[in-house]
Each structure stands twice: as structure tokens, then as C-alpha cells.
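Reviewing the structure listed below.
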Amino acid sequence: MQYFVNVTLTGLTEGMVYSAFALALVLIWRSTRIVNFAQGSMAAATTFIALALIQAGQSYWVALVVALLSGLVLGAIVERVVIRPVEGGPELNAVIVTLGLFVAIQAAIAIVFGSAFQSFPTPFGLEGFQVGDNRIALTPNSVWVIAAVLVTMALLVVLFRFTRIGLAMRASAFGQEVARLLGVRVGRMLTLGWALAAVVGSLAGLLIAGGEFVYPAYMDSLIVFGFVAAVLGGLDSPIGAIVGGLILGLALSYVSGYVERGSALVNVAALVILMIVLLVRPGGLFASSTARRA
Amino acid sequence: MGPLAQPTPTAGSTAIDRTAAPDTDRAPSASLEMTGITVAFGGVIALSEVSLVVEPGQVHGLIGPNGAGKTTLFNVACGIVRPTAGEMTWRGQPLRRLKPHQLAGLGISRTLQGVGLFPGMTVLENVMIGAHRHARAGFGSALFALPRSDRDERELRARALAALSDLGAQQHAGRYPGGLPYPVQKRVALARALVSAPDLLLLDEPASGLAEDEMHELGELIRTLSGRMSVLLVEHHMDLVMRVCDRITVLDSGRQIAAGTPAEVQADPAVTEAYLGDEVTAEEDAAGTTRTDGGRHHG
């Protein structure tokens with residue numbers, strides 16, 4: 001029983017990060033109909049910026065804020081410079097461009113920061129809380145991870161539901177031409193959407209890096225997990241992305257906790273889940289419509 | 001009464017005045033002039049030297065058989081299509097390099113063929129987008145939800161609700177457009193165009209898909225609107241056009257073949273030849289009767 005609780009807690013914490021990363025993918029998909037394969041590299045770049053600051057003696061929190069801000073800027077620049085020319089064109093062009101960006105940013109990280117494994121600190125302890133006689137797998141750091149993701153999601157809900165900018169961003173996502181006729185600066189909204197998505201992606205990257213080793217490609221598995229979570233939820237639904245992330249986190253945690261040599265099977269399990277979803281419910285678990293484009 | 005309710009300035013005003021800006025009693029003063037508009041797509045001439053003037057407070061009809069260039073002219077007026085030659089002025093100022101997103105700021109609203117509502121947003125949110133340009137809080141304060149933007153947001157909501165209730169659609173405010181009957185969706189789309197209190201309203205086939213009595217109501221509404229704004233109307237339903245328009249411009253194959261009052265246009269033989277003949281034939285087609293060349297002598 002205690003083992004089950006621990007595996008579940010681990011799954012939920014990991015799932016939260018997958019949710020955040022999936023949310024970043026969904027934000028971009030909704031507004032520009034592009035799957036941003038470069039999301040992982042972009043997050044890795046900002047994580048390395050944070051690491052450089054920490055190694056230079058800054059506090060974790062300063063590094064966090066700077067990393068998120070650089071995510072914002074990076075997202076805006078990528079949209080403006082690289083994505084804008086392929087927006088609205090054939091879908092394959094955008095896919096190739098984001099894949100190219102994925103490789104290019106990763107290479108840039110290796111050039112600037114080196115490709116050695118470096119440990120990334122956590123702001124809180126990694127020792128589980130004591131409950132009675134047992135230590136559970138919930139650590140102060142996982143509380144921080146869960147809280148950070150929940151607060152970010154709440155802020156996004158407030159932005160999209162209750163502000164004029166959020167309204168305009170949603171309108172741009174649903175119908176660019178009509179939004180334009182109603183006076184919405186659609187281009188700016190798309191840039192802002194990419195920037196916000198990059199912030200959320202960066203946060204996911206920083207959270208997953210905590211207490212682990214980082215290297216230029218450390219986000220590669222997270223982009224697979226984030227993509228699987230987003231597809232689980234239907235790619236179009238932010239709620240779906242969050243639930244998809246949690247489901248995936250739990251599923252992978254059970255695979256690694258209960259299947260013999262399961263930890264080696266985690267990546268395979270994620271891909272098997274992806275295949276099953278695409279075969280059985282290609283629109284995702286939360287699909288309301290029958291078919292999805294692309 | 002919404003929080004935005006204004007004391008109505010004149011006895012003759014209708015409830016619709018409530019959506020307008022505080023200075024409701026100003027006379028509509030803006031006119032749109034299009035002079036010698038030519039549009040060529042590659043080698044195809046879509047419009048050839050078309051000129052029209054929408055006078056303040058007038059309802060100007062734009063008619064013509066399918067493919068006559070009505071929608072192209074509309075798109076020129078919206079900045080979606082840039083004319084190959086010709087000039088456009090609005091309120092006496094030349095409009096060069098017009099872009100669609102500038103329209104709302106210029107006091108011009110457009111409805112679309114069909115409805116063009118945002119599917120994932122409630123009816124109220126759809127209308128709120130229409131009032132977008134009235135919000136004053138800047139980008140930053142709106143992004144970080146500062147108090148000013150919060151006040152803005154409430155004003156926007158109230159304004160949108162008032163616009164909806166003027167068109168009798170306020171009870172649908174919280175619903176999503178996809179689940180509403182088509183005529184209601186049309187009303188919502190119209191409310192979205194009117195919520196910004198435009199000086200010029202471009203109506204693209206507002207009566208399509210409406211039943212007879214709804215069309216009659218629409219006609220009344222358009223007449224009322226002309227007290228506050230100019231209207232440029234593209235419409236296929238001849239009886240509606242003849243009833244509500246002050247002036248009519250007739251296009252055929254990208255050329256302007258007639259212009260004048262409804263009576264003048266109806267009496268014009270060129271119009272009878274090019275337009276009404278086709279119209280009658282089309283109606284006969286629709287009614288399933290045999291098409292004959294004799295259809296041409298109608299009108």
C-alpha cells in the first residue's frame with residue numbers, strides 16, 4: 001500500500017511537469033496550428049541560462065525569473081523571425097522549420113555551454129516528508145513543482161477567461177480573418193501566444209531539471225512525453241493537456257514501479273500509449289469533434 | 001437597462017441608441033467615397049473603374065448577379081483586397097494602404113456572409129471582441145490584469161450585453177454560438193458589428209438564411225440604423241434592397257451599369273437586361289420550373 005502511494009505521488013509530480021509542457025504545445029497549436037518541436041530545445045536553452053546564473057553565484061529564484069523572462073523573449077523572437085514566414089503555408093513547412101530549430105538550438109547550447117552533464121540544483125529538499133514512521137515520496141521539492149505548475153495554470157486561466165488580451169488571443173486562435181476585421185492585432189496576439197508558451201515550456205524545463213543532470217539534449221524525452229500528453233488530451237484542449245499529462249505521469253510511474261525492469265521501459269511505454277491513442281481515439285480523450293486536421 | 005444606458009437624446013430614438021457612444025445625438029457625418037476602383041487578379045479584371053459614394057446616414061445598396069464583383073468591392077472597402085487603381089476616401093481623408101485591423105479604429109464595421117462567429121467563445125465574448133477598440137487600457141496593463149484593465153473589462157461586458165439586448169439576444173449571452181439557431185447567430189453577428197457604434201456598417205448578405213418575417217424585421221432595423229450610421233448593403237433579396245436603400249449601385253461583370261434611387265434603378269433597361277432577367281431565371285431554377293429564354297423579358 002505504501003509503495004503504491006509512493007509510486008502514485010511520484011507519478012503525479014512528474015505528470016504535473018508533463019502537463020505544463022503539453023500545455024505549452026497546446027497553446028501554440030491552438031493559435032497557429034503548428035506543433036512546436038523546438039519547444040524542448042528552447043526550454044533547455046533557458047535552463048542553461050539559469051544554470052549559468054546559479055554557477056555565477058546568483059540565487060535559484062533570480063535564475064528562475066531570468067530564465068522565464070528569456071523564455072518570453074525567445075518565444076517572441078522565434079515566432080517573429082522564424083515562424084511568421086511559414087504561418088498559414090503548407091503544414092509540412094512549419095514542421096520542418098520547428099524540427100530544424102530544435103536541432104539548431106540544441107547545437108547552439110552545446111557550443112555555448114558545453115555538452116557535459118552538469119547537476120542542476122533544487123530550491124527545496126529532496127528528502128520525503130515523514131508520515132508516522134514512514135517517509136513518503138512527496139518531497140518539499142515536489143510540492144514546489146506541483147504548486148508552480150498549478151499557479152501558472154491558474155494565471156493562464158485568468159488571462160484567457162477574464163482579460164481583454166486573453167479574449168483577443170482566443171479570437172485570433174478561432175478565426176484570424178474575422179478577428180482582424182474586428183480590430184484585433186492578430187500578429188501581436190500570435191507573438192504573445194508563442195512567448196507565453198515558451199515561458200510555460202521553460203518552467204517545465206526548469207522543474208524537470210531540478211535535482212537532475214542537465215545536458216543539451218536533456219529535454220528530448222520530455223518533448224516526447226509532453227507531445228503524448230497533448231495528444232492524449234486532444235491537442236486542442238488546455239484542460240485535456242493537463243489531464244493527459246497527469247494520466248501519462250501516473251501510467252509511466254506505474255510501469256516503472258511495477259513492471260520488472262520497468263524504468264527501462266518508460267520511453268517505450270509512452271510511445272505505446274501514443275500509438276494506442278492515435279489508433280483508438282485519434283481526436284484525443286477529450287475530442288468533441290470527429291476528426292482532427294493534420 | 002444596462003449600466004451603459006444613456007438618456008435618449010430625442011423622443012424618436014429607439015432602444016438601439018443605447019449601444020452608441022455617449023454623443024449619440026450627433027448626426028452621422030461620415031461618407032465613404034470610392035472613385036475609379038479597378039481590381040485585377042493577374043489578367044482577370046474583377047472590377048473596372050467602379051465609383052460610389054455612401055452619403056452620411058444613407059443606406060446604399062450594392063447589387064448585381066453572381067460574380068459581378070460585389071464582394072471584391074466590399075473587400076476593397078475593408079482593406080482585404082488592395083485596388084490596382086482608384087482612390088478611396090473616408091470622412092474626407094484618403095485611405096491608402098488600408099489594413100483590415102484598422103477598420104474598427106476608423107469607425108467601420110463589417111458583417112460577413114454567413115455569420116463568422118468564434119465557435120469556442122460564448123455569445124457575450126463574441127460581442128465583446130467587437131467592442132475591442134473601445135477598451136483603453138494598454139497592452140501591458142491588460143496582460144497583467146491591472147485595476148484599470150479590470151474596469152475596462154467590466155465596461156466591455158456591459159456594453160456587449162446592451163448590444164445583445166438591443167437585438168433581443170441577451171438571453172443567449174452565456175451560450176456557445178454553435179448550438180443556436182441560425183437567425184439568432186445572425187443577430188449575434190450583427191450585435192458584434194454594432195457594439196463598436198460604427199459610423200459605417202458594411203452588411204454582407206444579412207438576409208441570407210432568414211425567413212420572410214425575420215427579413216422584414218431586418219429591414220426595419222436597417223432603416224433605424226441609418227439614423228446613426230451609413231450602411232453599405234450587399235444583398236440578393238430584391239424586395240429588401242428596394243425597400244431599405246436610399247441609393248443603389250448595380251454591378252455586372254465588374255462594371256458599374258447603373259446607379260440611382262431604387263425607382264430609377266428598377267426603371268433602367270440595362271439593369272433589367274443584366275440583372276433582373278438573370279434573377280428571374282434563377283428564381284425559376286430554384287422553383288424547379290423549366291428554364292426558358294423568355295425569362296429575360298421579365299421586369
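Observations on the model:
- Note on region A:26-62: residues that are assigned to a helix (DSSP H, G or I), polar (S, T, N, Q) and touching a Ser or Thr at 6+ places or on another chain (Cβ under 9 Å) total 4.
- As for region B:204-222, it holds at least one residue that is among the acidic types (D, E) and touching a strand residue (DSSP E or B) at 6+ places or on another chain (Cβ under 7 Å).
- Scan region B:110-130 for residues that are more than 7 Å from chain A (Cβ to nearest Cβ), out of contact with any Pro (no Cβ under 7 Å at 6 or more places or on another chain) and over 19 Å from B:R175 (Cβ atoms) and the total you get is 1.
- Residue under evaluation A:D133, criteria (1) of a type outside the set (S, T, N, Q); (2) more than 14 Å from chain B (Cβ to nearest Cβ); (3) surrounded by 14 or more Cβ atoms within 10 Å (Cβ to Cβ), criterion not met: (3)
- If you go through region B:232-251 and pick out every residue that is in contact with a His (Cβ under 8 Å, 6 or more places away or on another chain) and closer than 22 Å to B:P65 by Cβ, you end up with 6.
- Annotation for region B:78-101: at least one member residue is closer than 16 Å to B:L52 by Cα, within 11 Å of another protein chain (Cβ to nearest Cβ) and within 18 Å of the chain's Cα centre (by Cα).
- Residue match in region A:205-227 (condition: touching a residue at least 24 places away in the same chain (Cβ under 8 Å), touching an Asp or Glu at 6+ places or on another chain (Cβ under 6 Å) and not aromatic (F, W, Y)): no
- Leading residue by the ranking (farthest from the other protein chains (Cβ to nearest Cβ)) among those in region A:136-164 that are over 12 Å from A:L9 (Cα atoms) and among the hydroxyl-bearing types (S, T, Y): A:T152
- Criterion: aliphatic (A, V, I, L, M) and modelled with pLDDT of 90 or more - qualifying residue of B:L201, B:L276, B:L210, B:L225: B:L201
- Residues that are in contact (Cβ under 8 Å) with a residue 24 or more places away in the chain, assigned to a helix (DSSP H, G or I) and under 22 Å from A:G175 (Cα atoms), drawn from region A:87-114: A:E91, A:A94, A:V95
- Some residue of region B:58-72 being without any contact (Cβ under 8 Å) to a residue 12 or more places away in the chain, in the same structural domain as B:I222 (by TED's automatic domain parsing) and not in a loop (DSSP other than H, G, I, E, B): no
The values are calculated or read from the model by the stated rules, or taken from the named source; none is laboratory data. From a predicted model like this one, the values you see are computed outputs, not experimental measurements. As a convention, Cβ positions derive from the backbone with ideal geometry for all residues, glycine included, and neighbour counts pool all protein chains shown.
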